[in-house]
Structure formats: C-alpha cells, structure tokens
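Below is one structure, written out as structure tokens; comments come after it.
The values are calculated or read from the model by the stated rules, or taken from the named source; none is laboratory data. Note that the structure is a prediction, hence the values are computed from the model and not measured. We place every Cβ from the backbone using ideal geometry, glycine too, and count neighbours over all the protein chains shown. For accessibility, only protein heavy atoms count, side chains too; no ligands or nucleic acids. Shrake-Rupley method; radii C 1.70, N 1.55, O 1.52, S 1.80 Å.
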Amino acid sequence: MSPTNTITQPKPTYQTFDPDINKHITFRPLILDQDLSFLHNWMNQPHVIPFWNLALTLDQMRNHLEKTLADTHQTLYIGCLDGVPMSYWESYWASEDRIAQYYSAHPTDQGIHLLIGEPDYLGKGYALPLLRAMTTFQFQHPDTKKIITEPDSRNAKMIHIFKRCSFKPQTNIQLPEKQATLMFCHRQTFFNR
C-alpha cells in the first residue's frame, strides 16, 4: 500500500515535472521522525533486501539513520512522485567516502545510491526519470563534472537503468558487503544525450 501524503511535506530541495511520466518529481531532505516508518518498510521489502542488507528492526533502523544523518559527507533524500514518498536517495561526496579507495576521486565528484521502496511503483518506468532528475540535481553544483555509482553487480535491472542515464561501467570492485560495478557519468555526456 502506498503511503498517503497526510503529513505536511517540507519544501522540496529539488523539483521538476517529467513529461515522459506526466508526474512531478521532488527530492526533499529525509526527516528522521517523519520518514523512519517509510525507510523501515522499504528496507524490509523483498526487492530491496538482497541489495541493501538493511532489513532491520524499527529501533535498529532509527539508530542506523541517526548515524547516517550525522555523516556530513552525504545527504539523504526522500523522492516523491506527485507528492507521494516512494523512494530513498543518498547523495555523497566521493572523495570523502570509502569509494575513494577504489578510484582516483576528484574533490567535486558526487556519488549516488537509491532505491524505489514502494512496490506499487515498481515496473512502471519511474526509475529512469527519477535517476535523470537526481543526476540533474547533482550537476547543479557547478564544479561537479562526474557522478559515480557502485550498484551490486547482480542488480542487472539497476545497472541497465544507470546505463540509460549515461552512466558507463568502469570496472567491478569488491566492497566489504558486495561485488559492485563502478560506473561514471560525465557532465558533458549526460547533457549531450
């Protein structure tokens, strides 16, 4: 069941209208008390568990999010379609992240993690428009020339979506919790597509 928009939403950090899906896309900062139940539910969905490994209890999820929100190298967002929360996003500075151990990160490289949590929104063609919107949002930082991602190498569907959004596979890397495919999206390639 999709969450309802009964709580007053904070002003979005980024919003756009995507004519391909005829929906407004917004990204707003995650608010722990307001969004904890969403994240707890989403991380315990069968399509999320294998790739995020965060099927935690509610209290464990709160502790995890408190630590993640305190980490200043990343910002957590809730993605909404027409005002309905349905996805989770992490935008981070790659040079300050563990990923910098695996490639030569420029100080203005940004990284991205994402999941579509609400099962009702799966298989409807929303992933690519959402990813395009977040990538556009990240490239609003004028010095960012590259955005990176490292999805689980088993996640063929997400790798395909990243490719369609101008992310190019570089190499496979072994992270502590997964084998990942390191992918780069360059500003010029993205805006020339």
Given (1) surrounded by 14 or more Cβ atoms within 10 Å (Cβ to Cβ); (2) closer than 30 Å to residue 143 by Cβ; (3) over 16 Å from the mean Cα position of the chain (by Cα); (4) touching a residue at least 60 places away in the same chain (Cβ under 8 Å), where does residue 89 come up short, assuming only one miss?
-> (3)
Determine whether residue 94 is open to solvent by less than 30 Å² (accessible area, probe 1.4 Å), over 13 Å from the mean Cα position of the chain (by Cα) and under 18 Å from residue 141 (Cβ atoms).
-> yes
Considering residues of the stretch 147-193 that are of a type in the set (Gly, Ala, Ser) and not in a loop (DSSP other than H, G, I, E, B) only, the residue most open to solvent (accessible area, probe 1.4 Å) | 156
Residue 22 fails exactly one of the following numbered conditions: (1) at positive phi; (2) open to solvent by less than 50 Å² (accessible area, probe 1.4 Å). What is the number of that condition?
-> (2)
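I'm trying to understand the selection: among the residues of the stretch 115-158, which are of a type outside the set (Phe, Trp, Tyr) and under 16 Å from residue 14 (Cα atoms)?
Kept after step one, since they are of a type outside the set (Phe, Trp, Tyr), are these residues of the stretch 115-158: 115-120, 122-125, 127-136, 138, 140-158.
If the condition is that a residue be of a type outside the set (Phe, Trp, Tyr) and under 16 Å from residue 14 (Cα atoms), then 129, 130, 131, 132, 133, 134, 135, 136, 138, 140, 141, 142 are the ones that fit.
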What are the residue pairs meeting all of these: first residue in the stretch 96-109, first residue over 12 Å from residue 73 (Cβ atoms), second residue not polar (S, T, N, Q), Cβ atoms under 6 Å, and 6 or more apart or on different chains?
-> 102/173; 108/143
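Yes/no matrix, rows are residues, columns are (1) in a loop (DSSP other than H, G, I, E, B); (2) over 22 Å from residue 46 (Cβ atoms):
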residue	(1), (2)
72	yes, yes
78	no, no
88	no, no
99	no, yes
115	no, no
125	yes, no
For the stretch 16-31, state whether one or more residues are outside any strand (DSSP E or B) and among the aromatic types (Phe, Trp, Tyr).
-> no
